[in-house]
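A short write-up of the structure that comes next.
Readers should treat all values here as calculations from the given coordinates under stated rules, not as data from a laboratory. Keep in mind it's a predicted model, so treat the numbers as computed, not measured. Don't worry about glycine lacking a Cβ; one is built from the backbone with ideal geometry, like all the others, and counts go over all protein chains shown.
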Amino acid sequence: MSEPILRLNGVEQIYRSRNANGPGWNQVRAVDGVDLDIREGETLAIVGESGSGKSTLAKLLLLLNRPTTGEVQFRGTSLSALASADYQAFRRQVQAVFQDPASSLNPRMTVERMLGYIVQRHALATPGETRQFLAGHLAAVGLNPPESYLERYPHQLSGGQQQRIAIARAMMLRPAIIIADEPLSSLDVSVQAQVLQLMRDLHKTTNVGFVVISHDLGAMESIADRTAVMYRGRIVEIGRSIYERPYHPYTKLLLDARLSLDPRRSRIRSMSAAPSRSDSSAPAQGGCRFRPRCAYAVEICATQAPALKPVDQAGTMAACHRAEEIGALRARSAEPTVPSPLEV
Ligand SMILES: Nc1ncnc2c1ncn2[C@@H]1O[C@H](COP(=O)(O)OP(=O)(O)OP(=O)(O)O)[C@@H](O)[C@H]1O
Ligand code: SF4
Ligand SMILES: [Mg+2]
């Protein structure tokens, strides 16, 4: 197994903000005890409903946030202890692509000036070779002929073209991994498919890894090597085959929502039919935090929080007291039919 590029060890992120309605502070546990290895060349999808802590996790991986407790490591060294040279390596090797490409591009600069500045800063090419260097990178993200894009300002580009520029900017530094927080959600559906294909192609040709955050399970199924499912700050399931063989009832709920015939309900964000406990600011109670929504809950679920643990030979891990039982019963029948206390 390849060495992890990034590792989270027991990471917690607590946000504190002043209480708007009185004295004191509000506390939100956005990420709550996450352990995660991100390996060389893998595409890891992170899914989960709104407020589950996905963007906070991305910020921790990019060192935009420092964890309240726990540790983020880059190639085996804690980010808080990186020496200057390793910090430079981290900044080059771990790149970001964000949801809204327009806001991540400087509106007052042409593409050539904006990207040329990075080329000079990191000495990626000599001044005489910069234009050719940039043209090569724009062509690699499907912007052809590249020279015609170099002259343009961001407002002269479509959303898909802007996102390609953002990806080209990240790729110029030859990153080991790109952390992409909802890179598709501001794009039209047809453009989403093109950007997904671009990510696949870049992965194939350069072995760059991706951590992709998305509400779109269909898109993630088509691109991810592994998928982590987050619920209220925790990873409740992670594995390669969660789309075909979900072990956690929450994963199954997300997949069922995706299968809804109503396209407006095909995204996790709109899963309002189930009673929602997605707000991480809700007080943590003993036991499993998915219990109020879970049709499979039994007595132990009320008192013991389930740990994330291996549930099959394929390396899937799930945080559910009944995960193996759910998996075993599903294997015997096409439809998961674990007897639920609510059905008895
Ligand atoms: N800067 C902040 N200060 C206080 N609370 C915050 C801050 N940023 C996020 N939160 C809270 O932390 C929790 C997790 O937020 P986060 O943005 O990580 O979720 P998310 O899974 O990315 O959601 P979405 O899918 O809507 O983007 C939420 O309850 C959110 O309100
Ligand atoms: S631990 Fe219990 S409540 Fe939590 S998901 Fe599993 S069965 Fe449901
Ligand atoms: Mg987010």
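Compared with the direct C-alpha span, the chain from T69 to R240 gains 58.7 nm at full extension, assuming 0.36 nm per residue.
Estimated from the Cβ-Cβ distance and a Förster radius of 45 angstrom, the FRET efficiency linking E324 and N19 is about 0.55.
Residues K54, K59, ranked from the fewest to the most other C-beta atoms within 10 Å, line up as K59, K54. Convex hull volume of the Cα atoms of the chain, normalised per residue: 167 Å³. With contacts taken as Cα pairs under 8 Å at a separation of at least 6 residues, the chain carries a relative contact order of 19 percent. For the range 142-249, averaging the sequence separation of C-alpha pairs within contact (under 8 Å, six or more residues apart) and dividing by the residue count gives a relative contact order of 20 percent. The Cα-based radius of gyration of the range 73-144, divided by its Kirkwood radius, gives an Rg/Rh of 1.04. Taking every C-alpha pair closer than 8 Å and separated by at least 6 residues, the mean separation divided by the residue count of the range 1-158 gives a relative contact order of 20 percent.
Between the C-alpha center of the range 203-230 and that of the range 40-98 there is a gap of 16 Å.
Taking Lys and Arg as +1 and Asp and Glu as -1, the other residues whose beta-carbon sits under 10 Å from that of L82 total +1.
Placing a pseudo-label 7 Å from each Cα along the Cα-to-Cβ vector at N106 and E299 gives an inter-label distance of 6.6 nm. Segment K309..Y117, full-extension length gain: 64.5 nm, with 0.36 nm per residue of separation and the alpha-carbon distance subtracted. Summary of the geometry: the range 111-130 and the range 145-184, compared by the centres of their Cα atoms, lie 15 Å apart.
Within the same chain, lysines fewer than 8 places from K54 are excluded, and of the rest, those with a Cα less than 21 Å from its Cα are K252, K309. Here the calculated FRET efficiency for T205 and H155, from their Cβ-Cβ distance with R0 = 25 Å, stands at 0.25, rounded to the nearest 0.05. Just to be sure I understand: with springs between alpha-carbon atoms less than 10 Å apart, which residue in Q313, Q197, Q304 has the highest mean-square fluctuation in the Gaussian network model of the chain? Top of the fluctuation ranking is Q313.
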